[in-house]
Amino acid sequence: MYFIDYHIHMASRTTDDFERMARMGCVLTGEPAFWMGFDRSSPESFYDYFRQLTEWEPARAAKYGIAHYCWMGINAKEAEDVEFSKRVIKLLPEFLELPTVLGVGEIGLHKNTKNEVKTLELLIDLGLTRGEQLLFHTPHLEDKYKGTRIILDLLRADQRTDPTRVCIDHTEEHTIGLALDEGYWAGITMYPVSKATPSRAADMIERYGSDRIMVNSSADWGPSDPLAVPAFITEMRARGHADSEIRKVVFDNPLKFMRQSKNFPAEPFLRKMDS
C-alpha cells in the first residue's frame, strides 16, 4: 500500500531509511523545520538548514522515487528568545516561495511560556498574512493539553484562520477531540515514550473515525521508527479494517491536506501514482 509520511525529519535520518521506506510503499515525505538537538547560534545557521531542506533533501529522496516536501518555521524549543526569533522569521518569506515548501511549520509550543506564545503569534500572523497552510507542534506529555488549548485559542481569535488548512499535530487521546471539534486536521504521531503507538493510533481511529485524521512517524535523531506508518497499516489490518479505510488515513487524507498548498502540484503527483 502506498503511504505518505507527512511529518518526518529526514535530515536526521540515513539514506538507508529512504530506501527502506520506499520498499514499504512510501511515495512522499513532508519534513517540518524542527530542533536539531541543539540550539542554533545565529539566523545564518537557520538559513543553511532551510537550504538543506529545500535543496539537498529533495534530491536525496528522489533517488528512491520519493517526493520530498517541507515546511518552514521555528520549532518551539528555539522560540524562547523573541528577538532572535524575529531575525529568523525575516528569512522565511524567501523560502516559502520555493516549489517544495508547503507552508509554515512546525510551529507551536514547548513549555507554554509567554515568550513562546509571543513568537508563535508572530509565526501565525506571517502564515495567515501570506495565506499559507499551518502545521502545529503541540507540547509533550504533561504540557500537551494546556498547550493545545492555547494554540486553539490563538487561532480562534484570528478571523483569518481557515481550520481546513491547519493541522494540529501530535494529538493524543485527550487532545484529538479538541482539534476535530473545531474543524482542524488532527495528526497522530507514533513515536516512543512521548507520543502514541500504532496500537493507540488505531484505537483513536476506531473512536473518532477517519475524517481529517492523519498518522506520521516524526522520526528524527532520537529513538524513533521511520516505518511507523507501515506498522500502523499492519495493526489496522490485524483488526480487520478494510484497506480502503486504511488508505484514507495513510494516503488520501495527507494528500487532501497537502494539496491545498499553492506549491503542491497535486495532479502531476496523482498521475505518477496512476502510471
- Can you list which of the chymotrypsin sites (Phe, Trp or Tyr not before Pro) found in the stretch 200-261 are DSSP loop residues with at most 14 other C-beta atoms within 10 Å? TRP221
- Project the alpha carbons of the stretch 3-274 onto their principal axes and report the range along each, largest first, in whole Å. 51, 39, 34
- Item | Within the stretch 1-90, trypsin sites (Lys or Arg not before Pro) in DSSP loop having at most 15 other beta-carbon neighbours inside 10 Å | LYS63, LYS90
- Output ³J(HN,Hα) for the stretch 74-80: one whole-Hz value per residue in order, computed from phi by the Karplus curve 6.51 cos²θ - 1.76 cosθ + 1.60 with θ = phi - 60°, and x for Gly and Pro. 10, 5, 4, 5, 10, 9, 5
- Task: Name the residues whose placed amide hydrogens come within less than 5 Å of the amide hydrogen of ARG212, ignoring near sequence neighbours (fewer than 5 apart) on the same chain.
- Result: none
- Centroid-to-centroid separation of the stretch 52-119 and the stretch 132-172 [C-alpha atoms, Å]: 16 Å
- Diffing the stretch 47-53: the Karplus 3J(HN,Hα) column from phi (6.51, -1.76, 1.60, θ = phi - 60°), in whole Hz with x for Gly and Pro, holds 4, 5, 5, 4, 5, 4, 5
- Query: Rg and Dmax of the stretch 120-275 over Cα atoms: what are they, in angstrom?
  - Reply: 15.8, 46
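Do you know the relative contact order of the stretch 133-275, to the nearest whole percent, from alpha carbon pairs under 8 angstrom that are 6+ apart? Walk me through the intermediate numbers first.
Working: 177 pairs, mean separation 26.0, N = 143.
That works out to 18 percent.
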- Message: Which entries of LYS77/LYS256; LYS63/LYS248; LYS77/LYS262; LYS195/LYS262; LYS77/LYS146 have Cα-Cα distances beyond 20 Å here?
- Response: LYS77/LYS256; LYS63/LYS248; LYS77/LYS262; LYS195/LYS262
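Since every read-out is calculated from the coordinates, none of them should be taken as a lab result. Quick caveat: nothing in here was measured; it's all calculated off a predicted structure. Note that each Cβ is placed from the backbone with ideal geometry, even for glycine, and that neighbours are counted across all protein chains shown.
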